[in-house]
Amino acid sequence: MTRLLGYVDLSEPHFVAAVLAIVFNPLFWNVVARWEHKTRKLSKAFGSPRLACYTLGGAILLLNILRSHCFTQAMLSQPRMQSLDNPAAYHVGLALLGVGGVFVFSSFLALGFTGTFLGDYFGILKEARVTMFPFSVLDNPMYWGSTAIYLGWAIVHASPTGLLLTAVVALIYMVAILYEEPFTAEIYQQKASQACKRS
């Protein structure tokens, strides 16, 4: 880590923008989704929970594009690392991009749009917990697939800045998981309790 920091200017504006984007995105979607779960104001404003969820999902996608742009600009604005600037490292980076892409895309296919973009906070619940691939091999595959993509992108660019930003991505996702999982479990517990009362 100390060696990485020797390459990275932490005050460089593109780096600061990338860190802010990485931190902001999960904060935004968690705050908005919890507010919606508590008040149902987005569902009321858009006329239906599905339309509200699609709108939030669209906003999250746009924010993720911005985050990736900031990440790339931060890498390009700072020096490359000589020890990563070789064909072997480049191919490792490509492999990580591929594996990460498989996890992200297969997660989306398994969950669908509303399952991916916090539909459960809008009252759009799955019948049961998704256990098919990639959830059969990894918890939170969307988050870890995304992290692998950023790591691969950093290695392909031989970028110590990218490696440091990937560590920030992983840390923020770990915090998001700690914040999201108990709340999501509570939503499904409430659903199960209501089902028991009806039967």
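The values are calculated or read from the model by the stated rules, or taken from the named source; none is laboratory data. Treat the numbers as computed from the prediction; the structure is a model and nothing was measured. Every residue, glycine among them, receives a Cβ derived from its backbone with ideal geometry; neighbour counts consider all protein chains shown. To get the accessible areas, we keep the full protein, side chains included, count just its heavy atoms, and leave off ligands, DNA and RNA. Shrake-Rupley method; radii C 1.70, N 1.55, O 1.52, S 1.80 Å.
Can you find a residue that is at pLDDT below 95 and touching a Ser or Thr at 6+ places or on another chain (Cβ under 9 Å) anywhere in the range 35-51?
No: zero hits.
Table: residues versus (1) closer than 12 Å to THR161 by Cβ; (2) out of contact with any strand residue (DSSP E or B) (no Cβ under 6 Å at 6 or more places or on another chain); (3) assigned to a helix (DSSP H, G or I); (4) not basic (Lys, Arg).
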| position | (1), (2), (3), (4) |
| --- | --- |
| TYR7 | yes, yes, no, yes |
| TRP35 | no, yes, yes, yes |
| LYS44 | no, yes, yes, no |
| CYS70 | yes, yes, yes, yes |
| MET75 | yes, yes, yes, yes |
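If you take the residues in the range 88-138 that are part of a loop (DSSP other than H, G, I, E, B) and within 16 Å of the chain's Cα centre (by Cα), which one is nearest to ALA170 (Cα to Cα)?
LEU138
Of all residues in the range 140-199, how many are open to solvent by 20 Å² or more (accessible area, probe 1.4 Å) and modelled with pLDDT under 90?
20
Is there any pair with a first residue in the range 147-174 that is farther than 10 Å from ILE22 by Cβ and a second that is of a type in the set (Asp, Glu) and open to solvent by 20 Å² or more (accessible area, probe 1.4 Å) whose Cβ atoms are under 9 Å apart and which are 6 or more apart or on different chains, and what are they?
ALA158/ASP85; THR161/ASP9; THR161/GLU12
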